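The values are calculated or read from the model by the stated rules, or taken from the named source; none is laboratory data. Since the structure is predicted, the reported quantities are computational estimates derived from the model, not experimental observations. Note: ideal-geometry Cβ built from the backbone for every residue, glycine included; neighbour counts use all protein chains shown. Quick note on the areas: whole protein, heavy atoms, side chains included, nothing else; ligands and nucleic acids left out. Shrake-Rupley method; radii C 1.70, N 1.55, O 1.52, S 1.80 Å.
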Amino acid sequence: MSETDEVLLSVRNLYVEFATDDGLVSAVNDLSYDLKRGKTLAIVGESGSGKSVSSMALMGLVAGMNAKVSGEVYFDGQQLIGADPESVRKLRGDRMAMIFQDPLSSLHPFFRIGDQLVEAVQVHHDIDKKQAQVRVKAMLERVGIPDVDQRMNEYPHQLSGGMRQRVMIGMSLINNPELLIADEPTTALDVTVQAQILELLKDLQKEFGTAIILITHDLGVVADMADEVVVMYGGSAVEHAPVREIFYEPAMPYTWGLIASIPQISAKNAHLDPIPGNPPSLINLPSGCVFAPRCAFKQLVGDDLCEHERPQLSLISLEHASRCHLTENQRTDIRRARLIGRQK
Amino acid sequence: MLMVFMLTILSIVTFLLFNAVPTDPARLTCGKTCSPATIEANRIRLGLDQPLITQYLEWIKGIFAGRTYGSGTATFNCDAPCLGYSFRNGEQVTDMIVTSLPVTIYLALGAFVLWMVGGISTGIYAARKKGKWQDRAIMGVTLVGYSLPVFFIGILMLIFVVVRWNILPYPSYVGPNVDTLQFLQTMILPWISLAILYAAYYTRLTRSQMLDTMSEDYIRTARAKGLPEKIVLRKHALRAGLTPIVTSAGLDLAGLLGGAVITEYIFGLPGLGRLAIGAVTEYDLPTITATTLVAATFVIVANIVVDLLYAAIDPRVRLQ
């Protein structure tokens, strides 16, 4: 694409709340980010951090789940939150598409592969089945399905996991969408297949100029794919930076914890550094920093500030923001002491 | 194969009814004024003096090849499929079944179509409106409908529609070829009373199936593809939740084809159920065994049809 610097998706102050019997669950709390055409934004976090829900919300896929979505999401200038559901439906699968973690459960078990893709074409294009099949066949060949003619007549359970995810990718990209949301696309696959799928995604992204939101908890995948990273915790972005900065100059304790949790074969002390504690309950979130209960560094901040005041997402440098009360000097000292990130 | 085996077992069990009754079958063949000589003559004529195994084989032979009763000059033929002669009126049981079976088939099929269409579409609607007042209202009404016995609904309809309001003439069965209007006028109430009962159940079944499948990942995929909600529900969700509905439908239909006893009685329909009940009250053994055999055959065939439909619905069930 020529206009690579053009912002395709702009998310501003996104909130998603679910009314449940136990109370109001704040799944996404004030999330903002921009995604440029053809770029990849990784959203990283633990389960329940709101990374999937935020993406489902902007696709309009949380309707009917008693969800209350507010904020602004501009897709190519069009506000999606509160928009007519029918106009959002027409975007889905056409200009914005989604692939999911488990390709077996995500494909309909009772319909032929070919028919499922043909349906995806025909819902957005007024063409007959023959023409749609030609397109489907070309796409399945492009995503690396062998014996396409035969495979199109098979059912999902007859394919391997990697083939199924290739089919899902083919189905999501069949209408050449500008945005692809990939929700843990490789988590359910064998490691060798994971690499193939990521390569395929990168190739297709280059070929079609698709912008990708990559939802994952795998920092290896992030390093491989992402241009920018949003780290989410407790429904909010706690750090947002270009991918190199996340790994080289992570700026807040949760990100440090994530990076320290990556197993490293070269490390002399071979034990992992897990983050103690559990993710917060999203009902009645603490008024202070959501990460404070698990934070090892909160006593460095005076006056119990971390417990009482929610830190703002503030800029550290032009492209790097984080949500933490620690000062710049404190962070540098801690990173140096703990051997986190790039050592200067 | 399995079907043949099951039918064989079934025929043996039904045949043994002859000997399970606490009376002499030969005695049942003649009326109140009956001399011991006549009883003995009948016993020999009907082969009831033979060993049990011979009697059974004769009976089976009669079904497939026909049989001849009596010996010498006093013989009479019963062509295949021969199910014996009614003790009650001496008619061929096969003829009685051939006359009454269509009535039951019309009754069952008509009600079946009504309740499947009504139940499934209401179930889908309720699932779509889950938790809203429409859903609650439907669930409430179906619970009532499901709890009401068919004789209550049937009699209520007769009283109001026929007796009080005179909307329809009093039901009197004729074949659809004889007088189509009268046929429809007679059948409409039985169809509705049976359908109400079953539709209530199928509404609830469809609703719960839809709600189950709607949380599946492939439904989310269908929405992510941008399919309209109507197609998501009717094509993707319903198809996936269809298996238990098909199972119930097959067995319920088979059950009704064996005779909707109460409904046939209330509306005076001369169907299989009435034939069976009449036979039971009068110890008409050949008719009892025959109606039992027919009803049970329906159930066995329905089971096989349901199994075949599974494979048609779910490709994972198909043999490789």
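Key figures for this structure:
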read-out: Pair-distance profile P(r), taking every C-alpha pair of segment B:104-158, with 5 angstrom steps and integer %; value: 4, 17, 17, 25, 18, 11, 6, 1
read-out: Accessible carbon and sulfur surface of segment A:116-163 relative to its total accessible area, %, 1.4 Å; value: 47 percent
read-out: Solvent exposure of the protein assembly as shown as accessible area per residue, Å², 1.4 Å probe; value: 48 Å²
read-out: Net length gained if the chain between A:Asp126 and A:Ser47 were fully extended (0.36 nm per residue, minus Cα distance); value: 24.5 nm
read-out: Selection from B:Leu143, B:Ile60, B:Tyr170, by position along the positive dipole direction of segment B:59-180 (Cβ); value: B:Leu143
read-out: Test item: Cα-centred dipole of the protein assembly as shown, Lys/Arg +1 and Asp/Glu -1 on Cβ, debye; value: 800 debye
read-out: Highest to lowest packing among A:310-320, A:28-38, scored as the average C-beta count within 10 Å; value: A:28-38, A:310-320
read-out: B:Leu109 accessible area, assembled protein chains, probe 1.4 Å, Å²; value: 80 Å²
read-out: 17 Å tail of the calculated P(r), segment A:29-153, as % of Cα pairs; value: 68 percent
read-out: Extension gain (nm, one decimal) between B:Arg316 and B:Leu168, 0.36 nm per residue minus Cα-Cα; value: 48.3 nm
read-out: Point-charge dipole on Cβ atoms (K/R +1, D/E -1) for chain B, about Cα centre, debye to 20; value: 1520 debye
read-out: Principal-axis tilt of helix B:180-214 within chain B, Cα atoms, nearest 10 degrees; value: 50 degrees
read-out: Too-long pairs where the Cα-Cα distance tops 28 Å, listed order kept, from A:Lys51/B:Lys132; A:Lys51/B:Lys225; A:Lys202/A:Lys298; A:Lys36/B:Lys130; A:Lys90/B:Lys130; A:Lys129/B:Lys235; value: A:Lys51/B:Lys132; A:Lys202/A:Lys298; A:Lys36/B:Lys130
read-out: Interface area, A with B, accessible, probe 1.4 Å, both sides summed, Å² nearest 100; value: 2200 Å²
read-out: Selection of chymotrypsin sites (Phe, Trp or Tyr not before Pro), segment B:158-204, meeting DSSP coil and at most 16 other Cβ within 10 Å; value: B:Trp165
read-out: Net charge, A:Ile316 excluded, C-beta distance under 13 Å - Lys, Arg +1, Asp, Glu -1; value: -2
read-out: Mean Cβ count within 10 Å, highest first, over the residues of peptides B:38-46, B:268-276; value: B:268-276, B:38-46
read-out: Over chain B: helical MRE at 222 nm, DSSP H runs n ≥ 4 each giving -39500 (n - 2.57), nearest 500; value: -22000 deg cm²/dmol
read-out: Hull shadow area, averaged, chain A [alpha-carbon convex hull, nm²]; value: 19.0 nm²
read-out: Low-density loop cleavage sites - GluC sites (Glu not before Pro) in segment B:213-302, where at most 15 other Cβ are within 10 Å (DSSP); value: B:Glu282
read-out: CD proxy at 222 nm, helix term only [per DSSP H run n ≥ 4: -39500 (n - 2.57); per residue of chain A; nearest 500]; value: -9500 deg cm²/dmol
read-out: A:Ser314 versus B:Gln182: modelled label distance in nm, points set 7 Å from Cα along the beta carbon direction; value: 9.5 nm
read-out: Accessible surface of chain B [probe 1.4 Å, protein heavy atoms]: carbon and sulfur percent; value: 67 percent
read-out: From the C-alpha gyration tensor of the protein assembly as shown, square roots of 5λ in Å; value: 72, 27, 24
read-out: Taking all pairs of distinct alpha-carbon atoms in chain B, Kirkwood radius in angstrom; value: 22.7 Å
read-out: Separation in nanometres of the label points that stand 7 Å from Cα toward Cβ, at A:Asn13 and B:Ala41; value: 10.6 nm
read-out: Helix axis angle, B:36-45 relative to chain B longest principal axis, alpha carbon, degrees; value: 60 degrees
read-out: Residues of segment A:113-156 buried by at least 40 Å² on assembly (accessible area, 1.4 Å probe, chain alone as reference); value: A:Glu119, A:Val123, A:Tyr155
read-out: Of B:Phe76, A:Ser87, B:Pro228, farthest towards positive along the dipole that unit charges on Lys, Arg, Asp, Glu beta carbons give the protein assembly as shown; value: B:Phe76
read-out: Kyte-Doolittle at least -1.0, axis length at least 27 Å by Cα - qualifying DSSP helices, chain A; value: none
